[in-house]
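Written below as structure tokens is the structure these notes are about.
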Amino acid sequence: VQDLNVIVKADVQGSIEAVSGELAKIRHPEVRVNVIHTGIGGIAESDVMLASASNAIVVGFNVRPNAEARALGEREGVDIRTYRVIYQLTGDIEQALVGMLAPERVEETLGEAEVRALFRASRVGTIAGSYVTTGVVRRNAQVRVVREGTVVHEGTISGLKRFKDDVREVAAGFECGILLEGFNDVKEGDVLEAYETREIERTDLSAGNGGPPAEEPAGDDAA
């Protein structure tokens, strides 16, 4: 679990408790908010120094940094954020957590081919003479070898041929020769499932969040 270290400064103790309580409701199995310090009053140089040493951000609710703290924050690269509305504060913290999430890996099916003949090549290994039944089969794509409904190998398509020519991809309805990297135990009747995986940046904390967004307690939104 990755921590987002946060220092909370506010105008009164009630505001600190409200902000800390709302931050505690933000839950995710991969990232979390870690409030390392709270205090009443404006954001001072000591807060910025603590944030710099702890790799934290400084959050002010109904308070502001003084000129010295602001200048020090710029020099130290400390993120200082101030708010007067609590849901804006929690929304920004959630987005900061989203930025810490690892990208989601999504599998995209390319196509399938049925192995109909085997050819042995001394220098490269077994070439699977195949017929592409759906989609496309692409060189360097990831592949599963499925035998009678069971996956017996997962790897990469290292070579793809049409007759004697090396090709990048072969579409459904055509025959081709497929070479699997590091795997020669392919058999007639095997189904080769070609696929790719893509990384997609996360946009919210919905996956794995501990519950629905917390409602803002009455009275926390100061004028």
State all residues of segment 18-56 that are in a strand (DSSP E or B) and closer than 17 Å to E68 by Cα; if no residue qualifies, say none. I43
Please go through segment 57-94 and give me each residue that is of a type outside the set (A, V, I, L, M, F, W, C), more than 22 Å from R32 (Cα to Cα) and assigned to a helix (DSSP H, G or I), ordered by number. E68, R70, G73, E74, R75, E76
Considering each of L101, L97 in turn, give the residue that is buried (at least 18 other Cβ atoms within 10 Å of the Cβ) and part of a helix (DSSP H, G or I). L97
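If a residue has to be outside any strand (DSSP E or B) and either hydroxyl-bearing (S, T, Y) or free of Cβ contacts under 8 Å to residues at least 12 places away in the same chain (or both) to count, how many in segment 114-147 make the cut?
Here is the first cut: in segment 114-147, the residues outside any strand (DSSP E or B) are 122-124, 139-141.
Subsequent filtering for residues that are either hydroxyl-bearing (S, T, Y) or free of Cβ contacts under 8 Å to residues at least 12 places away in the same chain (or both) retains 122-123.
Number of matching residues: 2.
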Of the numbered conditions (1) out of contact with any Pro (no Cβ under 8 Å at 6 or more places or on another chain); (2) modelled with pLDDT of 95 or more, R27 satisfies every one except a single condition; which is it? (2)
Exactly one of N55, N62 is of a type in the set (S, T, N, Q) and more than 20 Å from I26 (Cβ to Cβ), and that residue is N62
Scanning segment 83-94 for residues that are in contact (Cβ under 8 Å) with a residue 24 or more places away in the chain and either touching a Cys at 6+ places or on another chain (Cβ under 6 Å) or surrounded by fewer than 16 Cβ atoms within 10 Å (Cβ to Cβ) (or both), which turns out farthest from E201 (Cα to Cα)? R84
L110: outside the structural domain of A194 (by TED's automatic domain parsing) and either touching a strand residue (DSSP E or B) at 6+ places or on another chain (Cβ under 7 Å) or crowded, with 18+ Cβ neighbours inside 10 Å (or both), yes or no? no
Within segment 144-151, can one find any residue that is on the phi < 0 side of the Ramachandran plot and acidic (D, E)? no
How many residues does segment 144-181 contain that are under 16 Å from E114 (Cβ atoms), of a type in the set (G, A, S) and surrounded by 15 or more Cβ atoms within 10 Å (Cβ to Cβ)? 1
Applying the selection to segment 151-202, what residues are part of a strand (DSSP E or B), in contact with an Asp or Glu (Cβ under 8 Å, 6 or more places away or on another chain) and of a type in the set (D, E)? E193, E196, E199
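The values are calculated or read from the model by the stated rules, or taken from the named source; none is laboratory data. These numbers come from a predicted model, not from an experiment. Ideal geometry is used to build each Cβ from the backbone, glycine not excepted, and the neighbour counts take in all protein chains shown.
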